[in-house]
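> Starting off with a structure, shown below.
The values are calculated or read from the model by the stated rules, or taken from the named source; none is laboratory data. Treat the numbers as computed from the prediction; the structure is a model and nothing was measured. Here Cβ is always computed from backbone atoms with ideal geometry, including for glycine, and neighbour counts include all displayed protein chains. We work out accessible area using only protein heavy atoms, side chains counted, and drop any ligands, DNA or RNA first. Shrake-Rupley method; radii C 1.70, N 1.55, O 1.52, S 1.80 Å.
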Amino acid sequence: CRIYGSENISMIIFLSTTLANLILAFFCGIKSDIPEKPVYQEKQKPFTQIIVNSVSNASSGMFQMCTMIVAFSVFKVFLTSTGAIEILSGVISKLSNFSENDCFTLILSFFEITNITSLATCDPDIISAMSAIFATGGICVVLQIFSILRSGADICMFLKYRAIASILSFIISRILCGIFLKDIAVTASTIKIYSESNSVGVGLAETLRGEG
């Protein structure tokens, strides 16, 4: 599977997100007791009732997810039309090395993860930011999870762990960029040197032609 046509970028994002979650799960489970498997003593439900309940629950969950996606699409259009994202992207661009267009896309991706497909770059900073957003899944995905879980989920605890996973993914991605993007960096510098040498050669040839 390739993201943006590059196996290296795909590997960086995949490994950084996976390793961040594994590290977080490891440290969270050190002092946690293994829960005992609950024993249910319920009467066997009829097969038809099981099918009806399954279809009902599945359709309800799917409807909630689709409604959340539509709601965030409307919210994105509202933020874009009011110019709020443009102002925020301009502020972030001045505080970082990102362009306003990249900041604009990253902000939209933070709300709705599918907007991240608009980014196509080999910049380690952008790739690390993308990995951090992938680790959280975006606000829309988080709310979709809550809509399915409903009661019984600790929202604050979940958001805290997602924030930690995002930071870990960003750090790991920065480290992996130095490993997987060496070939891309060398290729880009070679092309730049070649293009500059070619332009110098063309200029020299035109000068000699003018003198001749």
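> Inside the stretch 31-114, counting only helices (runs of 4 or more DSSP H) that do not spill past its ends, which hold 3 or more residues that are open to solvent by 100 Å² or more (accessible area, probe 1.4 Å) and either modelled with pLDDT of 80 or more or among the acidic types (Asp, Glu) (or both)?
Output list reads 47-82, 84-95.
> Which residues, counting only those in the stretch 145-183, are part of a helix (DSSP H, G or I), modelled with pLDDT under 75 and open to solvent by 50 Å² or more (accessible area, probe 1.4 Å)?
Passing the criteria: ILE148, LEU149, LYS182, ASP183.
> A further question follows. Of the conditions (1) at pLDDT 85 or above; (2) farther than 28 Å from ALA58 by Cα; (3) open to solvent by 20 Å² or more (accessible area, probe 1.4 Å), ALA132 satisfies every one except a single condition; which number is it?
Among (1) at pLDDT 85 or above; (2) farther than 28 Å from ALA58 by Cα; (3) open to solvent by 20 Å² or more (accessible area, probe 1.4 Å), ALA132 violates only (3).
> Provide a single number: the residues in the stretch 46-81 that are of a type in the set (Val, Ile, Thr) and either under 19 Å from ILE145 (Cα atoms) or touching a residue at least 40 places away in the same chain (Cβ under 8 Å) (or both).
4
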